[in-house]
Amino acid sequence: MNDKNNSGFKLEITDVFKAIETAIPVEVIEQVLSKTKAKKMRNRSFPAQLVVCLIIAMSFWSRDSMKDVLLNLVDGLTDVGIKVAKYWKCPCKSAITQARQRLGPQVMSRLFYQLVQPVATKKTWGSFLQEYRVVVIDGTCFNLPDSQENLRVFGKPACRPSVQAAFPKLRLVILIEAGTHIIFDALMCPYRFGERARAIKLLRSVTEEMLLMWDRGLHSYAMVLSTVEKRSQYLGRIPSNVKFKVEKTLKDGSYISQINPDGKLRKKGYKPIKLRIIEYTIKLAEDSSAPVTYRLITSLLDEHKFPASLLASEYHQRWEVENTIGELKTHLLGRKTQIRSQKPREVVQKVYGWLLAHWAIRSLMFQAAEQAEIPPNRLSFTGTLKIIRRALPKFQRVQEEELPFFSIG
């Protein structure tokens with residue numbers, strides 16, 4: 001669009017997210033932009049507000065090109081009294097890429113941490129064990145485009161000498177609310193960094209009123225210590241090779257023991273931590289040759305208030321994090337290379353946009369479930385995603401005087 005045709009047209013604010021404004025209010029986007037240098041971006045045919053919405057919407061239409069996503073995003077605006085196409089032309093692919101580069105990752109990360117939080121109430125099914133909010137921590141990896149920049153920053157998995165991994169990988173550790181699948185904190189890092197160290201850092205968002213669950217891959221003295229220092233409770237699985245000494249057997253079959261620091265931590269003055277061990281077996285199928293033995297450690301020492309059978313049953317809430325990872329990988333990013341950005345800064349930007357898209361879907365599902373008085377996990381994630389795709393343009397079909405997105409002046 002040349003300056004002559006554009007001289008009477010000004011793009012003021014974004015209103016494309018009217019359908020999901022309860023999850024991602026435009027006002028919050030404006031506030032975040034005002035605190036960063038991104039507010040200085042040219043506010044004309046492709047302002048910073050629209051770039052933010054595009055990055056989030058790329059997860060709603062993950063198989064479409066960025067230009068097609070942008071067209072899907074503003075589709076409803078072409079049906080209103082003022083024909084948007086007469087005053088606004090969709091930027092080309094290179095212009096969209098440059099706009100993303102100018103915006104940078106900081107806006108999306110700030111928006112994520114300003115908006116996202118646990119939402120469950122005591123009435124939300126599967127969200128509380130008595131007074132404790134059930135949260136789960138876990139990690140996964142994602143394929144990135146095979147560019148030199150991504151390879152240098154994120155790296156590839158180690159392979160045999162004659163074999164090379166196909167894609168660079170990003171490691172992502174997430175903290176979710178079990179009853180709602182809300183991801184309320186996340187930490188990304190290069191593939192070579194281990195999950196355990198990242199998980200410990202993610203405990204920054206764990207509070208006293210939470211019961212934290214983890215799988216056996218995250219078991220360590222440091223994990224237990226960090227959780228205790230946050231004054232939260234924990235329930236984690238133990239690897240089969242880790243042994244504990246029985247100090248006191250309780251009436252429900254569980255027993256009291258302690259976890260000891262390794263040699264380095266012991267020299268620094270760290271002490272053993274008292275905990276409780278719960279052992280039980282599960283037969284996976286009728287023809288299974290042997291049942292699977294689970295061993296859990298917990299800080300919940302009172303066998304009367306928290307009997308072993310209750311905690312064993314509750315631990316399987318941990319699998320909700322696997323379902324959440326499936327929502328991210330399969331439904332929001334159903335692509336061979338899930339994160340489609342050639343440069344690391346845009347990779348980080350896209351991951352936060354994708355987490356915000358998941359927040360929008362899950363937040364709206366929670367609101368709908370609360371109104372219908374049913375568990376949020378009874379609703380279909382893919383069904384809600386399809387509804388949002390249809391709703392975004394429909395909510396834009398308003399009267400000309402009600403439309404703040406495009407204006408002539």
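Search the stretch 178-203 for residues being out of contact with any strand residue (DSSP E or B) (no Cβ under 7 Å at 6 or more places or on another chain) and within 25 Å of Ala360 (Cα to Cα), and hand back the single one that is surrounded by the fewest Cβ atoms within 10 Å (Cβ to Cβ). Per the criteria, the residue is Leu203. Just need a number here: residues in the stretch 121-155 that are in contact with a strand residue (DSSP E or B) (Cβ under 8 Å, 6 or more places away or on another chain) and either touching a residue at least 60 places away in the same chain (Cβ under 8 Å) or not in a strand (DSSP E or B) (or both). Here the count works out to 19. Quick check on Ile24: is it part of a loop (DSSP other than H, G, I, E, B), of a type outside the set (S, T, N, Q) and modelled with pLDDT under 90? No.
Exactly one residue out of Thr384, Thr298 is in contact with a Phe, Trp or Tyr (Cβ under 8 Å, 6 or more places away or on another chain), β-branched (Val, Ile, Thr) and at pLDDT 95 or above, and it is Thr298. For the criterion of being exposed (fewer than 15 other Cβ atoms within 10 Å of the Cβ) and of a type in the set (D, E, K, R), Lys283 passes. Scanning the stretch 325-352 for residues that are part of a helix (DSSP H, G or I), touching a residue at least 60 places away in the same chain (Cβ under 8 Å) and over 25 Å from Gln106 (Cβ atoms) turns up Ile325, Glu327, Lys329. Within the stretch 254-302, the residues that satisfy the criterion of being in contact (Cβ under 8 Å) with a residue 40 or more places away in the chain, part of a loop (DSSP other than H, G, I, E, B) and under 18 Å from Gly236 (Cβ atoms) are Ser254, Pro261, Asp262, Ser299, Leu300, Leu301.
Assess whether Ile374 counts as being at pLDDT 90 or above and in a loop (DSSP other than H, G, I, E, B). Criteria met by Ile374.
Residues that are under 30 Å from Met210 (Cβ atoms) and surrounded by fewer than 23 Cβ atoms within 10 Å (Cβ to Cβ) were ranked within the stretch 155-171; the one that is modelled with the lowest pLDDT is Lys169.
This table checks each residue for (1) outside any loop (DSSP other than H, G, I, E, B); (2) at pLDDT below 90; (3) within 30 Å of Pro375 (Cβ to Cβ).
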residue: Phe60; (1), (2), (3): no, no, yes
residue: Val69; (1), (2), (3): yes, no, no
residue: Ile96; (1), (2), (3): yes, no, no
residue: Arg100; (1), (2), (3): yes, no, no
residue: Leu111; (1), (2), (3): yes, no, yes
residue: Val119; (1), (2), (3): no, no, yes
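Considering (1) surrounded by fewer than 21 Cβ atoms within 10 Å (Cβ to Cβ); (2) modelled with pLDDT of 95 or more; (3) closer than 19 Å to Thr124 by Cβ; (4) under 23 Å from the mean Cα position of the chain (by Cα), the lone condition that Met365 does not fulfil carries the number (1). Scanning the stretch 230-253 for residues that are assigned to a loop (DSSP other than H, G, I, E, B), among the small types (Gly, Ala, Ser) and closer than 22 Å to Pro307 by Cβ, we see that the one that is farthest from the chain's Cα centre (by Cα) is Gly253. Set side by side, the residues Leu356, Leu379 differ, and just one is out of contact with any Pro (no Cβ under 8 Å at 6 or more places or on another chain), free of Cβ contacts under 8 Å to residues at least 40 places away in the same chain, surrounded by 12 or more Cβ atoms within 10 Å (Cβ to Cβ) and more than 18 Å from Leu211 (Cβ to Cβ), which is Leu379.
The values are calculated or read from the model by the stated rules, or taken from the named source; none is laboratory data. As the structure is a computational prediction, the values presented were derived from the model and not from experiment. Every residue, glycine among them, receives a Cβ derived from its backbone with ideal geometry; neighbour counts consider all protein chains shown.
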